[in-house]
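Colleague: This is the structure I want to talk about, given as structure tokens.
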Amino acid sequence: MIEMETTSTNLRTQEMVLNMGPQHPSTHGVLRLEIELDGELIVDVRPHVGYLHRCFEKHCEAMTYPQIVPYVDRMDYLAAMYSEIGYAVAVERLLGIEVPERVEYIRIIMGELQRIASHLVAVGTYGLDIGAFTPFLYCFRDREKILTLFEMTCGARLLYNYIWPGGVSHDLPPDFIRMTKEFLTEFKPTIVELNNLLSYNKIFIERTANVGILPLETAINYGVTGPNLRASGLKWDLRRDDPYSIYDRFDFEIPVGKGWHGTVGDCWDRYYLRMIEMEQSVRILEQAIEQIPEGDVTSAIPKRIKPVEGQIYTRVENPRGELGYFIVSKGGLQPHRVKVRAPSFVNLEILGELCKGHLVADVVAILGSIDIVLGEVDR
Amino acid sequence: MKTTEEIFEVLKNRYSEDIIGITNMPPEKIIDVKPDAIFKVSAFLINDPDLDFDNLMILSGLDDANGTKTNQPDGSFEFVGGTLSVVYHIESTKHRHKLVLRVSVPKENPVTESVVKVWACADWHEREAYDMVGVIFNNHPNLIRILMPYDWDAGYPLRKDYKNPEFYQGMKVPY
Amino acid sequence: MGILDKEFSQENIVITKFEDLMNWSRLSSLWQVGFGLACCAIEMMATSASHYDFDRFGVIPRPSPRQSDLIIISGTVTLKMALRIKRLYEQMPDPKYVISMGSCSNCGGPYWEHGYHVLKGVDRVVPVDVYVPGCPPRPEALLEGLLKLQEKIRNESLVKKVTA
Ligand code: SF4
């Protein structure tokens, strides 16, 4: 018998399935990925979600409208203030009520502080995924300062129950404006510091530039929103494009991805966009704390929320993208149905597309750059 | 920018039988579409240059709870008959108009068409609607449960008459 | 109270019970499984980050359960996740400890009533040593929970210790 020479042409190969998660340090929670491999190359990635499905929508059907607010917090726990803003705006539009000026300003200040805090976690843990430990500590140091501001205001560090439909639970504490100003002055140099530490690091750029490129067409068709969409080059920010609250009064820019170190829409773009967005949030905050008027904050809170039969879909730009609430009322004290369009849920769908053809090690880089929160994916 | 009424006229002229009518659910207006026509209607909506609805914002399944309520001896209740609905909120990033479509299917035979080929992001939304209220989408590439465990056999949790099981894989479920 | 029973005037010699020495070394290097579940995990992360610094108690997150002594169940345990947690726990080498952090893993928390997919308390699948209440518990509370666990380990006896 002639012995066959093993060359790459007659060698029998087989695809391998690799399981990642639900316990894995880089999945940002409880996500399971089923990765199909051809050698080192990824053929397909199938995310399995639902490990944190906490029945949010069922709870909504059993609770009155104000009772839902704490559950809304627990959905996107990195940006709880913003979830509350979204819910409050939705219920207010359903009822057709206006809120006082001061409340709008407080909401914007809280929302933008929360955006910075959330992006800090995103950036810090992204560095951790790529292998840079120090930026994580820097980010958490600054996030801790924001949490102190929140704690002063409403007594909680993470889940606030502060912004209610029609107002906020109580006014800002006396020192708040001064401390926020102090924080902003301290924080601006940190962005530069972080940039020097992480963004322009050669190793970091090598790991993220030209990896996981998301073309604009695909992004829109998959419903990707937030920094991920903007990194692909579309100037689409609901703060401008579908205005809510009083964002139209402020002067800020909407950054888009430019392919600074590679192609438009790669991981580095998505990462760096968050850095620029933090700068813009600082800009909005500076204007807002200058302009905030005096006034009452609880006067518009309705005693009893009982909308007439109807339905509404409203959306706000939360740090991860378009957060939408679809509320159907049948005229009772409880909503008939609440469905949440969670930005992470929709953004995660793109993962399979992005990973195709990359190496196994890039899965972590791509997943981190999408910045998901599992509480929101599974609700 | 086009209003819902204008789009309704366009659709009515093109697909007369398949468009049922406009329902007013303040502040939104809904265009009701027949289940077996939703795919071609949405394909038209995305391809027509004047409409160009390229973004599916949200797709939600809901239990209308409009059947006859029958009480069971153990204190629970059940809805017999009635409908399940799927609501589509779509918008055009170019023309900046929005539209709400709705499909209602009978609860006994909740079958409608999938729109994954039109908007790719409908994939997970439809799986969720199947998982939570039990609407079946024909031509969906992979219609399996998404949030609940794959072997969950106690029904669809977001139906109004859903009853939770006592045990799941040996673990007690109620408090 | 330290582990020293007696110190000789000559340096470098201490006398202590073997048991105390073992307990002391065990409690000062509790390596935890780097594993977060839900909102509480963010507070756990904050605890290990710069401000609260879990490291000073010897708690270092390890990626694998096979190298860890401690698992902190930080968040809501769902039915889909429960059996995975049990498997993680079984993979840990003895002696192993469990801290249940937050109302959710203590008893179901805010989801106790309508949570059709939430396990009402992680103690239905794995034994728990310390319960830390709160929703979410502050980092200080988690540190206190850890101190309680250390106290428990300090009083353990090598002979009688039976693991589940
Ligand atoms: S106890 Fe509260 S903070 Fe912790 S996981 Fe449960 S809901 Fe979230």
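The values are calculated or read from the model by the stated rules, or taken from the named source; none is laboratory data. From a predicted model like this one, the values you see are computed outputs, not experimental measurements. Here the Cβ is made from the backbone with ideal geometry for all residues, glycine too, and neighbour counts use every protein chain on show. Keep in mind that these areas ignore ligands, DNA and RNA; they rest on the heavy atoms of the full protein, side chains included. Shrake-Rupley method; radii C 1.70, N 1.55, O 1.52, S 1.80 Å.
Colleague: With a 1.4 Å probe and every protein chain left in place, tell me how much accessible area A:Arg115 has, in Å² to the nearest 10.
Modeller: Estimated to the nearest 10 Å², A:Arg115 gives 0 Å².
Colleague: Residue by residue, what Karplus-based ³J(HN,Hα) values in Hz, rounded to whole numbers, does the range A:323-338 have, using 6.51, -1.76 and 1.60 with θ = phi - 60° and x for Gly and Pro?
Modeller: Per residue, the Karplus-derived 3J(HN,Hα) values read 9, x, 10, 10, 10, 10, 10, 10, x, x, 6, 9, x, 6, 7, 10 Hz.
Colleague: On C-alpha positions alone, give me the angle between the axis of helix C:39-48 and the longest principal axis of chain C, in degrees, nearest 10.
Modeller: The helix C:39-48 is inclined about 20 degrees to chain C.
Colleague: Within straight cross-link reach of A:Lys145, meaning Cα distance under 12 Å, which aspartates and glutamates are found once same-chain residues fewer than 8 apart are removed?
Modeller: Partners found: A:Glu182, A:Glu186.
Colleague: With +1 on the Cβ of every Lys and Arg and -1 on the Cβ of every Asp and Glu, and nothing else charged, how large is the dipole of the protein assembly as shown about its Cα centre, in debye rounded to the nearest 20?
Modeller: Dipole of the protein assembly as shown, to the nearest 20 debye: 1240 debye.
Colleague: Once phi is turned into ³J(HN,Hα) by the Karplus curve 6.51 cos²θ - 1.76 cosθ + 1.60 with θ = phi - 60°, what whole-Hz value does each residue of the range C:13-26 show in order, with x for glycine and proline?
Modeller: Taking θ as phi minus 60°, the curve returns 10, 10, 10, 8, 7, 4, 4, 4, 4, 4, 4, 4, 6, 5 Hz for the range C:13-26.
Colleague: Just checking the output field for C:71-80: average partner chain Cβ neighbours within 10 Å of each residue's Cβ?
Modeller: Going residue by residue through C:71-80 and averaging, the value is 6.
Colleague: Kindly sort A:Ser118, C:Ser157 by accessible area of their heavy atoms, largest first, with the probe set to 1.4 Å.
Modeller: C:Ser157, A:Ser118
Colleague: Only helical DSSP H runs with n ≥ 4 go in: add -39500 (n - 2.57) per run for chain A, normalise by residue count and round the 222 nm mean residue ellipticity to 500 deg cm²/dmol.
Modeller: -14500 deg cm²/dmol
Colleague: Something else: Kindly express, to the nearest 10 degrees and within the range 0 to 90, the angle between helix A:134-154's C-alpha long axis and the longest C-alpha principal axis of chain A.
Modeller: Tilt of helix A:134-154: around 20 degrees.
Colleague: Okay, next question. Counting only other chains, and only Cβ atoms inside 10 Å, what mean value do you get across the residues of B:147-155?
Modeller: 5
Colleague: A further question on this structure: Roughly how much of A:Lys188 is accessible, in Å² to the nearest 10, using a 1.4 Å probe?
Modeller: 90 Å²
Colleague: Enumerate by residue number the GluC sites (Glu not before Pro) in the range B:92-175 meeting two conditions: DSSP loop (anything except H, G, I, E, B), and at most 13 other Cβ atoms within 10 Å of the site's Cβ.
Modeller: Numbers: sites: B:Glu108, B:Glu113, B:Glu126, B:Glu128, B:Glu166; in loops: B:Glu108, B:Glu166.
Those satisfying the criteria are B:Glu108, B:Glu166.
Colleague: If I take every Cα pair under 8 Å that is 6 or more residues apart in the range A:54-378, average their sequence separation and divide by the length, what percent do I get for the relative contact order?
Modeller: Value for the range A:54-378: 26 percent.
Colleague: I need the calculated FRET efficiency for the pair A:Glu186 and B:Arg14, taking r as the beta carbon distance and R₀ as 51 Å, to the nearest 0.05.
Modeller: Details: r = 60 Å, r/R0 = 1.18.
It comes out at approximately 0.25.
Colleague: Another question about this same structure. Using a ≥ b ≥ c from the Cα gyration tensor of the range B:36-158 (square roots of the eigenvalues), is it rounded, prolate or oblate, where a/c under 1.5 gives rounded and otherwise the larger of a/b and b/c decides, a/b for prolate?
Modeller: prolate
Colleague: For the protein assembly as shown, count the residues as N, evaluate 2.2 N^0.38 Å, and divide the Cα radius of gyration by that value, please.
Modeller: Numbers: Rg = 26.7 Å, N = 718, 2.2 N^0.38 = 26.8 Å.
Normalised Cα radius of gyration, the protein assembly as shown: 1.00.
Colleague: Counting Lys and Arg as +1 and Asp and Glu as -1, each charge on the Cβ, what is the dipole of the range A:210-266 about the Cα centre in debye, to the nearest 20?
Modeller: Working: 6 positive and 8 negative charges, 15 e Å.
The calculation lands at about 80 debye.
Colleague: Related question: Between A:Phe133 and A:Lys330, what is the FRET efficiency for a Förster distance of 56 Å, r being their Cβ-Cβ separation, to the nearest 0.05?
Modeller: So, using R0 = 56 Å, E works out to roughly 0.60.
Colleague: Suppose a student asked you for the relative contact order of the range A:225-356, using Cα pairs under 8 Å spaced at least 6 residues apart; what percent would you report?
Modeller: Details: 175 pairs, mean separation 29.2, N = 132.
This gives 22 percent for the range A:225-356.
Colleague: Still on this structure, please answer the following. Across the range C:147-155, in residue order, what do the Karplus-derived ³J(HN,Hα) couplings come to in whole Hz, using 6.51 cos²θ - 1.76 cosθ + 1.60 with θ = phi - 60° and x for Gly and Pro?
Modeller: Here the 3J(HN,Hα) series is 4, 4, 5, 4, 4, 4, 5, 4, 9 Hz.
Colleague: Farthest toward the dipole's positive end in the range A:54-378, which of A:Gln291, A:Met278, A:Leu333, given Cβ charges of +1 (Lys, Arg) and -1 (Asp, Glu) about the Cα centre?
Modeller: Comparing the listed Cα positions along the dipole, A:Leu333 ranks first.
Colleague: Which order, highest average first, do B:21-29, C:114-122, A:82-90 follow once you tally other Cβ atoms within 10 Å for each residue and take the mean per peptide?
Modeller: The peptides rank, most packed first, as A:82-90, C:114-122, B:21-29.
Colleague: In addition: At 7 Å along Cα-to-Cβ for each site, give me the label-to-label distance between B:Gln72 and C:Ser25 in nm.
Modeller: 5.9 nm
Colleague: Which of the lysines could a cross-linker bridge to B:Lys94, judged by Cα under 18 Å and excluding same-chain residues fewer than eight apart?
Modeller: The reachable lysines, counting only those whose Cα sits under 18 Å from B:Lys94, are A:Lys235, B:Lys2.
Colleague: Then there's this: Largest first, what is the accessible-area ranking of B:Asp161, B:Asp153, C:Asp94 with a 1.4 Å probe?
Modeller: B:Asp153, C:Asp94, B:Asp161
Colleague: Please work out whether the range B:1-55 counts as rounded, prolate or oblate from its C-alpha gyration tensor, where a ≥ b ≥ c are the square roots of the eigenvalues and a/c under 1.5 means rounded, while otherwise a/b larger than b/c means prolate and anything else oblate? Walk me through the intermediate numbers first.
Modeller: On the way: a/c = 1.57, a/b = 1.11, b/c = 1.42.
Oblate is the answer for the range B:1-55, as a/c is 1.5 or above yet b/c matches or exceeds a/b.
Colleague: Give me the inter-chain shielding for A:189-195: mean count of other chain Cβ atoms within 10 Å, whole number please.
Modeller: Rounded to a whole number, the mean comes out at 0.
Colleague: Check each of the GluC sites (Glu not before Pro) in the range A:34-68 and keep only those in coil by DSSP with at most 15 other C-beta atoms within 10 angstrom; list them in order.
Modeller: A:Glu40
Colleague: For A:Arg157, enumerate residues with amide H under 5 Å from its amide H, sequence gap 5+ or separate chain, H modeled in the peptide plane.
Modeller: none
Colleague: May I pose another question? Could you pull out every residue, at least 5 positions away or on a different chain, whose amide H is within less than 5 Å of the one on A:His48? Hs are placed 1.01 Å off N in the peptide plane, and Pro or chain starts have none.
Modeller: A:Arg32, A:Leu33, A:Glu34
Colleague: Further question: Taking the alpha-carbon centroid of each part, what is the distance from the range A:231-275 to the range B:1-80 in angstrom?
Modeller: Cα centroid of the range A:231-275 versus Cα centroid of the range B:1-80: 33 Å apart.
Colleague: List the chymotrypsin sites (Phe, Trp or Tyr not before Pro) in the range A:222-267 that DSSP assigns to loop (not H, G, I, E or B) and whose Cβ has at most 16 other Cβ atoms within 10 Å. Which are they?
Modeller: A:Trp260
Colleague: Here is a follow-up. If each of C:Asp129 and C:Leu147 carries a label point 7 Å out from its Cα toward its Cβ, how far apart are those two points in nm?
Modeller: For C:Asp129 paired with C:Leu147, the spin-label model returns 1.7 nm.
Colleague: Could I ask something else about it? Please list the non-local residues whose amide H lies under 5 Å from the amide H of A:Leu18, H modeled 1.01 Å from N, same-chain partners needing a gap of 5 or more.
Modeller: A:Ile35, A:Glu36, A:Leu37
Colleague: Taking R0 as 30 Å, what's the FRET efficiency between C:Arg62 and A:Asp38 from their Cβ-Cβ distance, rounded to 0.05?
Modeller: 0.45
Colleague: Projecting each Cα onto the charge dipole of the range B:4-172 (Lys/Arg +1, Asp/Glu -1 at the beta carbon, about the Cα centre), which of B:Tyr156, B:Leu84, B:Leu143 comes out farthest on the positive side?
Modeller: Farthest along the dipole direction, towards plus: B:Tyr156.
Colleague: Sticking with this structure for a sec: May I ask you to compute the full-extension gain from C:Gln91 to C:Gln10, defined as 0.36 nm times their residue separation minus their alpha-carbon distance, rounded to one decimal in nm?
Modeller: Extra length available between C:Gln91 and C:Gln10 comes to 24.7 nm.
Colleague: Follow-up. In debye, nearest 20: dipole of the range B:4-172 around its Cα centre with unit charges on the Cβ of K, R (+) and D, E (-)?
Modeller: That gives a dipole near 160 debye.
Colleague: How far apart, in nanometres, would the label points at B:Glu108 and A:Glu290 be if each is projected 7 angstrom from Cα along the Cα-to-Cβ direction?
Modeller: 6.8 nm
Colleague: Keeping all protein chains in place and using 1.4 angstrom, which order do A:Arg12, A:Arg74 fall into by accessible surface area, from largest down? All intermediate terms of the calculation are to be shown ahead of the outcome.
Modeller: Working: A:Arg12 195, A:Arg74 30 Å².
Highest to lowest solvent-accessible surface, that is A:Arg12, A:Arg74.
Colleague: Continuing with the same structure: Kindly work out what percent of the DSSP beta bridges joining two residues of the protein assembly as shown are antiparallel, to the nearest 5.
Modeller: 75 percent
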